[in-house]
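Read the figures in this text as sums done on the coordinates, not as results from a lab. Since the structure is predicted, the reported quantities are computational estimates derived from the model, not experimental observations. Cβ coordinates were reconstructed from backbone atoms using ideal geometry, including for glycine residues, and neighbour counts include every protein chain displayed.
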Amino acid sequence: METITLDNKTTKNKTSKRVSGSDALILSLIAENVKTIFGYPGGAIMPVYDKLMDYEDQIHHILTRHEQGAIHAAQGFARVSGEVGVCLATSGPGATNLITGIADAFMDSTPLVCFTGQVYSHLLGTDAFQETDVVGVSMPVTKWNFQVTSAEEIAPAVAKAFYIARSGRPGPVLIDITKDAMFAEVDFCYEKCTNIRSYIPVPETKDVRIQQAVELIDNAKRPLALVGQGVVLSGAEQELKEFVEKTGIPVASTLLGLSALPNNHELYTGMLGMHGNAAPNIKTNEADLIIALGMRFDDRVTGKVSAYAPNAKKIHFEIDKSEVHKIIKVDVTILGDVKDTLARVTKLVSPNAHVVWRNSFKFIDDQETSRVIQKELNPETGQISMGEVLRHLNEITEGEAVIVTDVGQHQMVASRYYKFKNKRSFITSGGLGTMGYGLPAAMGAQIAAPHRKVVSISGDGGFQMTMQELGTIAFNKVPVKMIVLNNDYLGMVRQWQELFFDKRYSSTSITSPDFVKLAASYGIDGQKVTDRKDLHAAIQKMMDSTEPFILEVAVEAKGNVYPMIPTGSAVNEIVFGDE
Amino acid sequence: MIEEFTITVFSENSIGILNRITINFTKRKLNIDSLTVSESAIKGVYKFTIVVKCALATVENLVKQLDKQIEIIRTFFLRENEVLHQEMAMYKIETSTFLESNQVEGIIRKHNARILEVTKEYTAIEKTGHKHETQELFEELKPFGVLQFVRSGRVAITRLKKELLSEYLEKLEKREMSEEN
């Protein structure tokens, strides 16, 4: 017979009191310092919702308009704050509606704890009303999950869930609770989980690997550091800065590593990957040393694996053993927390400047600027470009905003052109590429960071996938700024159809409601811009507003995102689109 | 190159762990050739023995991803020459056949099989060995009419002196001790 406490190492701190399972759940959340949760009620979770009324001063519950909105909001909350995002849903459809967000969080290592109601334990396996085996369904996309069937299991399960979600490589955890466990009484006593026998969150770092890395770094002539989200998750932004400033090593970022180093840092060379900047992509294949920091060599970053960084030795700083050698065989693996390991390496490496190597990036940068960026940011004729919107946004926000995107062309444009100044300023669905992520994630981010300016950038397609959350934004007066870049197409798919499917535009032309009128019906202020001369003032007006605001911009219908590494090409075969 | 590997997984005794293990095979479209689960020498720790045919790179990644599951204590993979393994098979034939034929007894002797039970209706025979050996006996008994035949999954021990997990668990215990102190 398994028990939840089987292998839990915990810290005792409280005396017990007699409460219901629902109280135990809420008290456990309070013990984990949770102040905000996102959710949606329903039959099987009703006892918890009932008790939530008794803790309104301690836990703020945000009622979303769909469970998918709740989980993406929890993701945005977690990504901007570094805390665990929490959401609550009922059994059956409530639970299955969370799955996309859970899968997204699993791919992007976002710490989440999701609670789902479940039918009474005596009904399990009987196909009862709103019964779904959510533990089974969520298993491939959770770091851990567990079904609670008695009130006694609630506190230890929550303790374990939070420990697992936030430790090591973070990820989503799901706890499924039967309705009888919520009603039953229990002596509540919360003990934080600090150790699980079978789980080693941070693998041991071998000193010899640090030595080997230092040697490779000291001897490299053309080193390039690749920054992934691991740096952000570990809070190693300062360590990164110290490392590159001491060594003079140029830095490139993955999509999820953006904002770990400010864009204006002299060693920052741009974004990697399919629509990244030309120089860091091309230079990857000229480098003699690749230093991968908390990144996992995603296929969008590597392009053709067999032709990836062929001249480079590789050092991989990684917390998750299973990522090592998964895609790219590396020469030195430094397991551990990059905040710690990178600091150790920095102490030992020799100062350097790599002036010639760094200067060699400039020629490619100039090419990209003249052939792509200039046209994208400053078009003089034709319709407004997406890049143009980003240019004005940069001018007005001066890189201080938190940018939350959806998925598609606008996502690539935003990641390419926003000039991030502060850490944890870019929130996007990377690994899973979930359309509909942006708006609710921005709402969650704004709730987590009320004093920061949060700007949601979406396309017309993705916005329509979760635009019901305008209701949540309006009701809670979440002052998030929403930009919809409307090109009347599912732009990224359309771009691929143009380039790789003989311009056969199958199901990518899409109509939209009048987004400004739609928002108005929720009581949200907004403006639509179709003429470039109105753009700057409209963005200024939006950013000056203290309320939620929607800005719909009619952009070029058939614009393409360049540069681009076509699928199957090597990173140095990046094209500018004017060839 | 496709090879046969024996994967051993040591896990906590938790509901759904088998599912968490098999998911990692499903997501790569890998078939499990054989699977045996039982409590290991360490109380409360369960041992899964899984036989799979795949490329070395695949099994290396697979094992690391299995190892990453919270309730899995440790996963190893071993090549054919690194393990000692057996399967057990049971056969049932009609007792009348057994008595009437003068060959069956010889077959049983030749294969080092043993008789488990004799009733008026049937005789149950057991043989342990490698799959091809239990299969050979099945083929030889076939002409006499096999009423039932069953074969277990593989059980395996390493050719190393000690169980791989023991040392590891000792280390884990030390880790817990030092964290407590």
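Among A:T96, A:T397, a tally of other beta-carbon atoms within 10 Å of each Cβ gives an order, fewest to most, of A:T96, A:T397. Counting every other Cβ atom within 10 Å of each residue's Cβ, A:V454, A:V208 order from fewest to most as A:V208, A:V454. Remark: the A:D331-A:I30 segment gains 103.8 nm on full extension, using 0.36 nm per residue and subtracting the alpha carbon distance. Highest mean first, the peptides B:63-72, A:36-45 sorted by other C-beta atoms within 10 Å per residue fall in the order A:36-45, B:63-72. Mean partner shielding of peptide A:189-198, defined as the number of other chain Cβ atoms within 10 Å of each residue Cβ, is 3. Extending 7 Å from the Cα toward the beta-carbon at both A:E573 and A:A128 defines two label points whose distance is 5.7 nm.
Within 10 Å of the Cβ of each residue in B:67-77, the mean number of Cβ atoms contributed by other protein chains is 5. Cross-link pairs exceeding 28 Å between alpha carbons, from the set A:K314/B:K68; A:K283/B:K29; A:K314/B:K29; A:K304/A:K421; A:K179/A:K477: A:K283/B:K29; A:K314/B:K29; A:K304/A:K421; A:K179/A:K477. Rounded to the nearest 500, the 222 nm mean residue ellipticity of chain A from helices alone is -10000 deg cm²/dmol, with -39,500 (n - 2.57) taken per DSSP H run of at least 4 residues. Counting every other Cβ atom within 10 Å of each residue's Cβ, A:E286, A:E32, B:E167 order from fewest to most as B:E167, A:E286, A:E32. The mean count of C-beta atoms from other chains within 10 Å of the C-beta of residues in A:164-171, rounded to a whole number, is 1. When each of the peptides A:212-224, A:70-82 is scored by how many other beta carbons lie within 10 Å of its residues on average, the order from highest to lowest is A:70-82, A:212-224.
Computed from the Cβ-Cβ distance with R0 of 25 Å, the FRET efficiency linking A:V208 to A:S306 stands at 0.25. I need the shape label for the protein assembly as shown. Rule: rounded when a/c is under 1.5, else prolate if a/b > b/c, else oblate, with a, b, c from the alpha carbon gyration tensor. It is prolate, given that a/c is not under 1.5 and a/b is the larger ratio.
Pull out a ≥ b ≥ c, the square roots of the eigenvalues of the alpha-carbon gyration tensor of segment A:207-359, then state rounded if a/c is under 1.5, prolate if not and a/b is larger than b/c, and oblate in the remaining case. Rounded is the answer for segment A:207-359, as its axis ratio a/c remains below 1.5. Can you tell me the FRET efficiency between B:I42 and A:H265 if r is taken as the Cβ-Cβ distance and R0 is 51 Å, rounded to the nearest 0.05? So, using R0 = 51 Å, E works out to roughly 0.50.
Where the centroid of each part is defined by its Cα atoms, how far is segment B:7-55 from segment A:151-230 in Å? Their Cα centres are 23 Å away from one another. Charging the Cβ of each Asp and Glu at -1 and of each Lys and Arg at +1, and nothing else, the dipole of segment A:470-568 about its Cα centre rounds to 100 debye. Going by a ≥ b ≥ c, the root eigenvalues of the Cα gyration tensor, does segment A:8-196 fall in the rounded group (a/c under 1.5), the prolate group (a/b larger than b/c) or the oblate group? In terms of gyration-tensor shape, rounded.
The simple spin-label model puts a point 7 Å past each Cα toward its Cβ; for A:Q367 and B:I107 those points are separated by 7.5 nm.
Here A:S521 and A:T546 are evaluated by their C-beta separation; at R0 = 22 Å the FRET efficiency comes out at 0.60. Determine which residues of segment B:80-121 fall in the zone a paramagnetic label at B:R151 would reach in this model, i.e. backbone nitrogen under 15 Å from the point 7 Å along Cα→Cβ. Under cut-off, by backbone N: B:85-92.
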